[in-house]
Structure formats: C-alpha cells, structure tokens
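The values are calculated or read from the model by the stated rules, or taken from the named source; none is laboratory data. These figures come from a predicted structure and were not determined experimentally. With ideal geometry, Cβ positions are generated from the backbone for all residues, glycine too; neighbour counts draw on all protein chains shown. Just the protein is used for accessible areas: all its heavy atoms, side chains included, with ligands, DNA and RNA removed. Shrake-Rupley method; radii C 1.70, N 1.55, O 1.52, S 1.80 Å.
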Amino acid sequence: MRNELKHYINGEWIESTGSETIEVINPATEEVMGKISSGTEEDLDKAVKAARAAFPTFSHSTKEERIQWLKNIVEGYEARKEELIDVMTDELGAPLSVSEEVHYNMGLGHFKQAAESLEDFSFTEDRGGHTLLKESVGVSGLITPWNFPTNQTSTKIASAIAAGSPVVLKPASKTPYAAIILAEIIHEAGVPKGAFNLVNGSGSVIGNGISSHPDIDFVSFTGSGTTGEHIMKNAAETIKKVALELGGKSPVIVLDDADVEVAAKTALSNIMTNTGQVCSAGTRVFVPKSMKEDFEKKMVDLLPTFPVGDPRKEGIATGPLVSKDQWDTVQSYIEKGEKEATLLTGGTGKPEGLETGYYAKPTIFTDVSNDSVIAQEEIFGPVSTIITYDDLDEALEMANDTVYGLAGYVVGKDEETLRYVASNIKAGRIKINDAKTDFNGPFGGYKQSGIGREWGDFGIEEYLEIKSVHGMP
Ligand code: TAP
C-alpha cells in the first residue's frame with residue numbers, strides 16, 4: 001500500500017490538518033493501491049501563504065538561477081525514471097511502454113524545453129517609445145487532470161519556474177503519485193522553499209479553494225469543460241487571470257490521395273493511445289466517400305495491432321480506462337452510438353478475458369452524422385467515428401462544426417492541399433501526417449477548448465504580466 005498522507009508546503013512534507021483520506025484505485029486490478037490525504041482549506045491556506053512569502057525573492061531570481069533549477073529537475077527526473085514509469089502504470093493503467101514513451105518522455109520534454117526557451121527569452125524589451133518589462137504574474141494555482149500525470153503537471157510547473165511564479169499544485173486525486181515523486185525531485189533540485197507547494201485533496205475542496213482564493217493571482221487548469229466553467233466563474237470574483245485547457249472532438253481529415261493504411265493507422269492510434277483518454281485525440285475521421293469501404297476494412301484489420309490488456313504485460317498497447325466512472329461514461333456513449341450510427345466493431349461490455357479492470361472494447365462507428373451525439377461530445381475512450389465526405393470544403397465545414405477547437409490531423413500527399421487544410425481547421429494545433437511533436441509548439445484551444453497556451457515560450461508568457469515603462473532612463 002502506498003499511503004502518502006502529507007502535503008509538500010514551504011519546502012517540507014507536513015501532516016494534513018484534517019484526517020480524511022482518498023483511496024487511489026489501480027484501474028487494471030480494481031484494487032486500492034494506497035491513500036492520499038484529503039487536504040483542507042487550512043492546508044491550502046498554508047500553501048498559499050508559503051507561496052506568497054516566496055514571491056518577492058523567487059520573482060526576482062535570475063534567468064541563470066531558473067535555468068539551473070530546471071536543469072537540476074531534469075537530472076532528478078531522469079534518475080527516477082523507472083519509478084515514474086512504474087507508478088503511472090499503476091495509477092493510470094498505462095501500458096509500461098506508454099508510461100515510458102509518452103508519459104515519462106513528455107514530462108521530461110517540458111522541463112528541458114523550459115530551460116532551453118529561457119536561454120533566448122527576454123524579460124526586458126526596448127520598443128522605441130517605451131520599455132517592456134515582463135514580470136512574474138504572482139502566485140499561481142495549478143489544477144491538473146488524471147489523463148497525463150507527468151505531462152500536465154510538468155508543463156505548468158516548468159513554465160512557472162521559468163517565469164519566477166511560485167505555485168500551489170493540486171494534482172488529480174485519481175493519479176496523485178507521479179506528482180508526489182515530482183515534488184520530491186523539485187525539492188532535491190534546490191528550488192527555493194515556498195516556490196513549489198503541493199496540496200492533495202478533492203476538486204471540490206482544494207480545486208475549488210484555489211480558484212476562489214483571494215491571494216492566488218492566476219489559475220492554470222486542465223480538465224473538463226464543466227469544471228473549467230466553474231473555475232472561471234469562481235475566478236471572476238477576484239478577477240484572477242485564468243488559463244483553461246479543456247476538451248476536444250478533433251477531426252482527422254483523410255485526403256483522397258492518402259495511403260489508406262497510413263490513414264487507418266493514424267485514426268486508430270488516436271483512439272488507442274492512452275485508451276483514447278486524450279484531450280487532443282482525433283475522434284472524428286473524415287474519409288472521402290470513394291475510400292469508405294477500403295478505409296473501414298483497414299481500420300478493422302489493423303485494430304489487433306493495438307493489443308488491449310494488462311498494462312504490465314509486454315506487447316500491450318492499450319490498457320484499461322482510468323476508473324469505473326470513466327468506464328460507465330464510455331459505455332453510455334457506445335449505447336447511444338448503437339442507436340445513432342452503424343457499429344463496425346466493438347460495442348458495449350468488456351473485451352473477452354478482461355473481466356477484472358476497467359477495460360472497454362475498442363469501438364468504431366461508421367455512417368456517422370456529424371451532428372450526432374457521438375460526433376459532438378467528448379467520449380474520452382477508445383471510440384472512433386467515421387464520417388464520409390464528397391468534397392474537401394464540405395469536410396472542412398463539418399470538421400469545424402463543433403464547439404471545440406483543440407487539434408486537427410490531416411493525412412495525405414499533395415502539399416498544397418495539406419497546407420490548405422492546416423490553415424482552414426479552426427484549432428490550436430494541427431498535425432500533418434506523422435510529424436514529430438515539438439515541445440516548443442504552443443498547445444491550447446480555440447473556442448470551448450480553452451483559453452491560453454501552454455508549452456515552450458508561449459507557456460512561459462502565461463505566467464507573466466506585461467508592464468510598459470515610458471521614459472525608462
Ligand atoms: P475534472 O473534474 O475536470 O478534473 C480535473 C481536475 O479538476 C482534477 O484535479 C479535479 O480534482 C479538479 N476539480 C474537480 N472539481 C473541481 C472544482 N469544482 N473546482 C476546481 N477543481 C476541480 O475532470 P474528470 O471528472 O476527472 O473527468 C471528466 C471528463 O473530463 C472526462 O470524461 C473527459 O471528457 C474530460 N477530461 C478532459 C481532460 C483534458 S486534458 N481536457 C482531462 C481529464 C478529463 P479531483 O481529481 O480531485 O476530482
């Protein structure tokens with residue numbers, strides 16, 4: 001049992017002022033893997049006070065000091081690689097290979113990138129008639145979800161350190177252990193006391209408390225739209241700056257010159273990686289009518305190349321969903337889909353032989369209408385929807401006909417058409433064919449997918465205020 005009942009406040013691990021705890025469940029075994037303490041408002045208050053006290057010095061730390069802290073974190077993070085991989089497999093159910101290649105690497109990438117971005121970052125700029133100063137935004141509250149335990153926390157923490165903003169982090173209570181290891185790494189890295197604080201607990205107490213705390217200046221939240229809306233309303237009371245990274249229902253546009261196999265693999269990897277629990281997942285696949293039968297057949301034929309099963313077993317690509325709640329949600333969408341569209345493969349229930357654990361059947365719907373529920377609402381599971389089109393502009397119109405705008409994918413060959421699609425999808429991030437991810441590429445959404453951008457130099461800007469000085473001597 002992994003019982004971690006302390007919070008990290010002002011450079012120390014301290015007991016919670018309350019006695020309540022939250023159980024953490026391993027989604028592959030359905031067993032309790034440990035407990036965390038359910039923090040109180042008093043705990044949060046202590047953390048905010050520590051961050052506030054750290055602010056004057058931390059916000060005036062030099063670029064060189066911040067780069068050194070980030071580099072120390074990178075070193076500590078690498079030293080604890082096996083542990084991080086192991087814990088994310090247990091708390092999230094991510095297959096060991098995914099814990100390493102996706103989760104571990106993304107967390108590492110953000111710390112490395114922040115150090116690199118800082119090298120060229122200017123906190124002072126002479127703009128002719130005035131001088132621009134970029135100063136730390138103040139105390140930041142970070143609220144993170146369970147689907148990427150190191151990625152979501154690391155991008156926020158790395159940017160905040162780079163900007164000299166002290167933080168209070170509340171990680172998702174379903175996946176708190178990777179964040180606890182991160183706190184230990186940050187402690188060892190020599191980050192000044194009070195500059196990083198971690199308070200575990202529920203969204204309704206600690207998350208809610210962060211968004212309404214009068215002494216927090218900025219809230220950076222990643223998670224569901226409903227919670228995002230709640231946070232924005234709370235933050236309005238003290239006119240806090242907010243950054244929201246919310247959901248998506250991103251399109252994959254398959255062009256008529258695309259290789260069918262490459263396109264089918266792209267569509268599958270979008271719903272199978274992290275069991276489809278990815279805000280930027282391409283879950284609406286737009287396919288030319290002439291390609292429909294070939295594409296459907298390829299998707300079904302290639303599905304076994306993403307084996308579902310025990311995340312600790314070698315060769316497994318897709319693990320269980322994170323929780324019973326998430327499993328129930330996915331089941332209810334599959335039920336809806338069976339009424340709205342044609343079920344190509346999958347369906348409700350658990351895959352054969354995987355009765356224990358929150359495993360869902362990878363499910364593909366075809367003959368889907370873009371205005372159906374399964375094409376408009378975020379499912380957050382291994383469910384894909386195929387929508388056919390006659391001409392590309394019609395596909396783009398449907399692709400943009402959503403309240404979301406987080407990401408978009410395009411698969412094909414003609415360069416001019418690829419550029420045309422990339423500039424006409426209304427979303428914050430576009431991926432063309434199998435392009436590699438650049439950690440300096442801003443991440444964030446148009447429309448109801450959010451406000452603000454994370455990652456790299458744009459991520460650092462979120463934790464800064466802008467001041468114009470006229471007549472600087
Ligand atoms: P949320 O409730 O939004 O959880 C995200 C974070 O917000 C967690 O740390 C959570 O704490 C906290 N939180 C919950 N209620 C809060 C409140 N009233 N005030 C402030 N913070 C609060 O998401 P969920 O329930 O875990 O997942 C539900 C759905 O959200 C999923 O099915 C999926 O569609 C979507 N989702 C999207 C994303 C991304 S990356 N866009 C990530 C996760 C989920 P606790 O962990 O203690 O509840």
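Values as computed for the structure displayed
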quantity	calculated
Kirkwood hydrodynamic radius of segment 324-381, Cα pairs, Å	11.7 Å
20 °C / 1.002 mPa s Stokes-Einstein diffusion coefficient of segment 255-338, Kirkwood radius on C-alpha pairs, µm²/s	151 µm²/s
Shape category assigned to segment 270-425 from the gyration tensor of Cα positions, a/c cut at 1.5	prolate
Shape category assigned to segment 98-239 from the gyration tensor of Cα positions, a/c cut at 1.5	oblate
Proportion of all alpha-carbon pairs of segment 356-404 beyond 15 Å (%)	51 percent
Residue-count net charge about ASP257 - beta-carbon cut-off 10 Å; Lys, Arg +1, Asp, Glu -1	-2
The chain: radius of gyration over Cα atoms, expressed as a fraction of 2.2 N^0.38 Å	0.98
Overall Cα dimensions of segment 189-310, principal axis frame, Å, largest first	58, 32, 26
Distance from segment 406-432 to segment 218-268 (C-alpha centre basis), Å	17 Å
Equivalent-ellipsoid semi-axes of segment 119-181, from the Cα gyration tensor, Å, largest first	32, 11, 8
Per residue solvent-accessible surface (Å²) - the chain, probe of 1.4 Å	40 Å²
Accessible-area composition of the chain, carbon plus sulfur, in percent [1.4 Å probe]	49 percent
Cα-based convex hull volume of segment 292-353 per residue, rounded to whole Å³	97 Å³
Cα-based equivalent ellipsoid, segment 19-101: semi-axes from gyration tensor eigenvalues, Å	31, 24, 7
Shape of segment 96-148, Cα gyration tensor, a/c cut at 1.5	oblate
